[in-house]
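As structure tokens, the structure follows; a few thoughts come after it.
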Amino acid sequence: MKFRLTLLLLMMILIVPCLCIAQEQDEPTIYVIKQGDTLWGLSDRFIKDPRYWPNMWSKNSSITNPHVIYPGQKVRVFPDRLEFLPKEVGGGQKKAVTTTASGATVITTDSLDEIATERTYSVRGSAGFILETGAKPAGTIISLNNNRNVAGDDDIVYTDIGRERGVKGGDKFAVYRMDGTVSHPVSNEILGTKITPLGTIQLTDLEAKTSRAIVSKTNQEITPGSYLLPAREDKRREIPLKMSLRELKGYIVESYSGMSIIAQGDIVYIDLGSNHGAEPGNMLYVMRDVTIDVSSTTGYTEKLPQELLGALVILETGNKTATALVVKSIDAIYKGDKLVSFPK
């Protein structure tokens, strides 16, 4: 009897630690960020994959520079992922809404558990795009009422679109300004024409080759010579983040504003479209090569690590180009900076 009791106690001593270990393995380890830690380093240390860091960076709105995270921040460490603990546990979740100059809206939440599903980028079609080489507008505004130079809401305009084009009264067209040819910053290939949205018109009276129309909405002043394209539904579209299915590599080729310095909230145009596998919602990272200062080296020629400058999200794609919103900028971004995705 004594032997059986002793054996039972021994088995319990052996089993209890095993149960504790199993329970501990089900619970994530909590790691506290220390001075000098980076997302790259954490991904390499815990996930054994240094390329995992963009996943953490894109889902954490409080991290601006992925190479500088702050001591005291806490991270849940799972076998296959890392999660930053929310700043406030148990409190109401806060949402921040930011509207950019071009009409794009960024909606974020403070809850890291919700960011992946709730972060969306909202646009209404006023961001512009590149009219790719070979594409043609549907028509042109050929005159304004009373020979005016500019038109606004409810003004009368005249177009070169008539019944012969198969249109009818009530049809709507978007009005655009062509802002010059866009060439690739590296290859110098002509990608198309930069298009800036001006407003919307609705046809009222039609002749065979011309028509009268009323301006139903303006973003900017409409002038004779403005180009027309079939209008899309004027409805704000929500674009959720969507991880790219393949690796994407490209360049920023132009900006909405035309300014040389690009920052968070700006609209840019890139040389990646549906033909390359790019889709709305894909996040791309802005990278720049670091040049070697030959005056301070002794024959060192190996390529240096690239600098991460920011991130952008694709809003709309053409065949070879796309319109995107810069959602993070660590430093000034310029036309010609490289883009890369980190696919599944």
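What's the number of the only condition in (1) closer than 29 Å to residue 220 by Cβ; (2) at pLDDT below 90 that residue 274 fails to meet? Of (1) closer than 29 Å to residue 220 by Cβ; (2) at pLDDT below 90, only one is false for residue 274: (2).
Applying the criterion of being touching a Phe, Trp or Tyr at 6+ places or on another chain (Cβ under 8 Å) and open to solvent by 30 Å² or more (accessible area, probe 1.4 Å) to the residues of the range 212-228, the residue that is nearest to residue 129 (Cα to Cα) is 227.
Of all the criteria given as (1) more than 22 Å from residue 315 (Cα to Cα); (2) surrounded by fewer than 18 Cβ atoms within 10 Å (Cβ to Cβ), the one not satisfied by residue 201 is (2). Residue count for the range 234-261 under the criterion of being of a type in the set (A, V, I, L, M, F, W, C) and either part of a strand (DSSP E or B) or in contact with a Cys (Cβ under 9 Å, 6 or more places away or on another chain) (or both): the result is 4. Taking each residue of the range 272-294 that is crowded, with 18+ Cβ neighbours inside 10 Å and looking for partners that are assigned to a loop (DSSP other than H, G, I, E, B) and among the acidic types (Asp, Glu) with beta-carbon atoms closer than 7 Å, six or more apart or interchain, yields 286/337. The residues listed here are 249, 209; of these, the one that is open to solvent by 40 Å² or more (accessible area, probe 1.4 Å) and either within 26 Å of residue 320 (Cα to Cα) or of a type outside the set (Lys, Arg) (or both) is 249. Among the residues making up the range 307-328, a single one is over 19 Å from residue 243 (Cα atoms) and open to solvent by less than 30 Å² (accessible area, probe 1.4 Å): 309.
Considering the range 105-174, the qualifying strands (runs of 3 or more DSSP E), each wholly inside and each with 2 or more residues that are at pLDDT 90 or above, run over 129-132, 139-144, 156-159.
Within the range 175-187, the set of residues being over 17 Å from residue 139 (Cα atoms) and either in a strand (DSSP E or B) or without any contact (Cβ under 8 Å) to a residue 12 or more places away in the chain (or both) comprises 180, 181, 182, 183, 187.
The values are calculated or read from the model by the stated rules, or taken from the named source; none is laboratory data. Computed from a predicted model, the values in this text were never measured in an experiment. Methodologically, a virtual Cβ is constructed for each residue, glycine included, from the backbone with ideal geometry; neighbour enumeration extends over all protein chains shown. Only protein heavy atoms, including side chains, enter the accessible area calculation; ligands, DNA and RNA are left aside. Shrake-Rupley method; radii C 1.70, N 1.55, O 1.52, S 1.80 Å.
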